[in-house]
1. Among the residues of the stretch 1-56, count how many are among the aliphatic types (A, V, I, L, M), without any contact (Cβ under 8 Å) to a residue 40 or more places away in the chain and either farther than 24 Å from Ile265 by Cα or touching a Ser or Thr at 6+ places or on another chain (Cβ under 6 Å) (or both).
2. Scan Leu252, Leu142, Leu196 and give me the residue that is surrounded by 21 or more Cβ atoms within 10 Å (Cβ to Cβ) and either closer than 24 Å to Ala85 by Cα or assigned by TED's automatic domain parsing to the domain that holds Arg114 (or both).
3. Here's a check for you: in the stretch 220-251, which residue that is basic (Lys, Arg) and in contact (Cβ under 8 Å) with a residue 40 or more places away in the chain is farthest from ligand 1 (Cβ to nearest atom)?
4. Whether any residue in the stretch 210-219 is in the same structural domain as Tyr97 (by TED's automatic domain parsing), in contact (Cβ under 8 Å) with a residue 60 or more places away in the chain, in contact with a Lys or Arg (Cβ under 9 Å, 6 or more places away or on another chain) and of a type in the set (A, V, I, L, M) is what I want to check.
5. Go through the residues of the stretch 58-74 one by one and say whether even a single one is within 30 Å of Gly131 (Cα to Cα) and away from ligand 2 (no atom under 16 Å from the Cβ).
6. Before we move on, is Ala139 more than 27 Å from Asp46 (Cα to Cα), of a type in the set (Gly, Ala, Ser) and within 13 Å of ligand 2 (Cβ to nearest atom)?
7. Anything in the stretch 6-28 that is touching a helix residue (DSSP H, G or I) at 6+ places or on another chain (Cβ under 6 Å) and of a type in the set (Ser, Thr, Tyr)? List them, or say none.
8. Take the residues in the stretch 108-135 that are surrounded by 12 or more Cβ atoms within 10 Å (Cβ to Cβ) and of a type in the set (A, V, I, L, M, F, W, C), then tell me which one is nearest to ligand 2 (Cβ to nearest atom).
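The values are calculated or read from the model by the stated rules, or taken from the named source; none is laboratory data. For clarity, every value in this text was computed on a predicted model and none was experimentally measured. In this analysis, Cβ positions are derived from the backbone assuming ideal geometry, glycine residues included, and neighbour counts consider all displayed protein chains.
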Amino acid sequence: MLTPAFRFAPSPNGRLHLGHAYSALLNAAEAERVGGRFLVRIEDIDTTRCTPELAKACLEDLAWLSLAWEEPVRFQSRHLVEYRAALAKLDALGLLYACTCTRREIAETADPARRDAEGQVLYPGTCREAGHSRDAPHALRLDMQRACALLNAPLTFTELGEGEVIADPAAWGDVILARRDIGTSYHIAVVVDDALQGISHVVRGRDLFAATAIHRLLQHLLGLPVPLYRHHALIGDETGRKLSKTAGDRSLASLREAGVTPEEIRRELGF
Ligand code: GLU
Ligand code: ZN
């Protein structure tokens, strides 16, 4: 059997806070419990928000917590070619189309009552009908109906502690898989990397539970293995309030500056 593998995958668009620390510590603890590997992946494809300085700071914060991960760390910004290859595969299946809509155009044409799991209005499919060429700047959207028509059985995933869950990607509508500005997306990068890195256990925040349906669909379409999932509760306001009172906010950097020790943080978070 393959060695279990866990990953903590922060986006370096700000400093890590207590919620990140909880997720990282949980991944590392679970990896240790089952004799698995613990990896860190820097999800920095969004170059409009992520910086090398923040990525470096993320790793320093994790080291300060005395976490130890396998080297090398995977930086997603260095693997755009792999994400492009995955998009090309979906394109060859006829599942992608160019969308030139601005946010405003979508807001003006969408049905405000139809929303995805994150509360965003569903894309009304304007460009699917229009069939744009790819000359002008565009995003690539997944033709969700076509993609779901390729399924021969309902998609499911194992949510550890809960059991088998039915995934409903259709509820997301025609999601963007390649953003106009960066040419790729979180959804593509995360499924490609989890497969490439042999991740067996995806342990991450509850806020990503619904998006797992998209990930399951992409895994199916791209022929990728399916990890086990565990979406942990998000750290609430109560946790860390005592620590943050001295530090002003809940970033690990400001806690450290205020004299909070890694041991205190571990204790506060239950590790
Ligand atoms: N990079 C994502 C975030 O910081 C997490 C992705 C994941 O764990 O799948 O929210
Ligand atoms: Zn459009």
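1. So the answer is 1.
2. Answer to the selection: Leu142.
3. Ranking the qualifying residues of the stretch 220-251, first place goes to Arg250.
4. No; the residues of the stretch 210-219 include none that is in the same structural domain as Tyr97 (by TED's automatic domain parsing), in contact (Cβ under 8 Å) with a residue 60 or more places away in the chain, in contact with a Lys or Arg (Cβ under 9 Å, 6 or more places away or on another chain) and of a type in the set (A, V, I, L, M).
5. Within the stretch 58-74, not a single residue is within 30 Å of Gly131 (Cα to Cα) and away from ligand 2 (no atom under 16 Å from the Cβ).
6. no
7. Tyr22, the sole residue that qualifies.
8. Ranking the qualifying residues of the stretch 108-135, first place goes to Cys127.
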